[in-house]
Amino acid sequence: MAPRTAAIWAGLWLLAASNCYAGPAQSQCAAGGQDCSVVAPKQHVVKTWAYWDAAFSKPVEDRFGAAAPEVIDFMTQDNIRNGISKRPRGARLTPDFERDARQALVELPERVRRLLHDKLAGVYFAEDFGGTGWTDTIEDADGNERTGFVVLDSAVLRDKIANTWFTWKENTPFQPRSGIELKGEIEARVGDNRKNAIQYILLHELGHILSIGEDIHPSWTIEPKDVRSTAGYRYFSLSWTLAPGSDKYASVYDAAFPERRDVVFYFGAKLAASRMLDIYRKLETTNFPTLYGATGPGDDWAEAFVTYVHTVMMNKPLAIQIYQDGKLAKEFRACWSQKRCEQKRRIVERFIGVH
């Protein structure tokens with residue numbers, strides 16, 4: 001998901017960063033109303049290493065459960081800062097949902113789980129925070145971003161299965177039109193269930209987690225205009241640029257693929273469905289692994305991570321099929337065997353330690 005203030009709304013939607021509010025070191029937003037005091041994000045207890053120290057002493061699969069009141073409080077404050085009316089609440093996890101969510105984490109490839117050992121404070125659950133997933137950074141004693149945590153909305157995920165969710169997501173940039181249909185597949189029929197929907201969403205968020213403090217792309221907690229240089233970011237430099245003083249990142253493909261700027265997932269579709277074929281053809285002339293990956297540097301990396309792990313390491317399908325008047329007009333598949341994604345594949349594989 002794309003960046004929002006100090007958080008990533010899990011593969012979901014980009015909101016502009018807002019000014020920080022001065023205030024006490026801790027508030028009671030989670031228990032109070034809309035007028036509660038809001039602290040600067042960096043001053044909140046959940047941004048500190050000390051708060052998460054005990055979590056890192058556990059195995060990765062045990063860093064899991066309902067979000068603590070302090071996390072709910074922090075998320076509430078983030079919504080207030082961004083003018084979002086939603087007020088998060090604690091999750092009520094049923095045994096079957098908890099089993100699915102835990103298995104989604106446990107069944108990840110061992111190489112991925114090893115990478116998470118020193119990066120992931122945990123996967124936690126809340127409800128009604130305005131998205132499906134949410135990722136934020138944690139700072140070490142010197143104030144450097146080194147680790148992070150993920151929150152998923154158990155209420156949103158409770159009734160989702162893999163291919164239905166993926167089809168819905170991939171349709172959100174387009175205004176519906178009769179006679180044009182997009183279908184998505186990330187699981188074979190036998191695996192088309194809630195656990196695997198959670199796993200795919202989680203893998204995207206874990207891509208964000210693993211990018212924290214690395215030389216992949218600038219931190220999403222920094223406004224583009226405040227990034228001094230992008231020269232050291234190896235993955236970023238394959239697709240993105242930053243003009244001095246700019247408040248946005250630009251793609252190196254924007255001249256040939258100007259529609260990229262109008263790709264908005266989840267809310268506010270700007271693209272006519274009649275443009276689907278043309279847009280996916282243009283996407284295949286870039287090195288973006290998915291259309292969602294074309295929305296910004298952070299999601300470019302997270303989409304590369306999830307699609308590589310999902311299709312190459314776990315040998316699962318990924319296909320987008322576009323139908324016109326009931327006939328298949330185009331099929332888009334993962335790019336990892338294609339020349340266009342060769343350089344990105346090398347970086348992803350070195351990062352994961354596959355080769």
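To keep it simple, each residue is scored yes or no on (1) modelled with pLDDT of 90 or more; (2) hydroxyl-bearing (Ser, Thr, Tyr); (3) loosely packed, with under 15 Cβ neighbours inside 10 Å; (4) over 17 Å from Glu205 (Cα atoms).
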position	(1), (2), (3), (4)
Thr76	yes, yes, no, yes
Arg89	yes, no, no, yes
Thr94	yes, yes, yes, yes
Arg99	yes, no, yes, yes
His117	yes, no, yes, no
Val123	yes, no, no, no
Gly133	no, no, no, no
Exercise for the section: Consider Ala294 carefully, then state whether it is within 18 Å of Thr230 (Cβ to Cβ), aliphatic (A, V, I, L, M) and in contact with an Asp or Glu (Cβ under 9 Å, 6 or more places away or on another chain). Expected result: yes
Practice task
Examine the stretch 36-53 for a residue that is of a type in the set (D, E, K, R), part of a helix (DSSP H, G or I) and either closer than 15 Å to Leu152 by Cβ or at pLDDT below 50 (or both), and state whether such a residue exists.
Solution key: no
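Yes/no per residue for (1) closer than 29 Å to Gly213 by Cβ; (2) in contact (Cβ under 8 Å) with a residue 40 or more places away in the chain:
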{"position": "Trp134", "(1), (2)": "yes, yes"}
{"position": "Arg158", "(1), (2)": "no, yes"}
{"position": "Thr164", "(1), (2)": "no, no"}
{"position": "Arg177", "(1), (2)": "no, yes"}
{"position": "Gln199", "(1), (2)": "yes, yes"}
Problem - Condition met for Phe288 (assigned to a loop (DSSP other than H, G, I, E, B), buried (at least 21 other Cβ atoms within 10 Å of the Cβ) and in the same structural domain as Lys344 (by TED's automatic domain parsing)) - result: yes
Problem - Number of positions in the stretch 230-273 that are among the small types (Gly, Ala, Ser), within 26 Å of Glu342 (Cβ to Cβ) and loosely packed, with under 13 Cβ neighbours inside 10 Å - result: 4
Fill in the blank from the handout: Only one of Thr132, Thr137, Thr167, Thr172 is under 16 Å from the mean Cα position of the chain (by Cα) and outside the structural domain of His44 (by TED's automatic domain parsing), namely Thr172
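The values are calculated or read from the model by the stated rules, or taken from the named source; none is laboratory data. Predicted, not measured: the structure shown is a model, and the values here were computed from it. For neighbour counting, all protein chains shown are included, and Cβ atoms are generated from backbone atoms with ideal geometry for every residue, glycine included.
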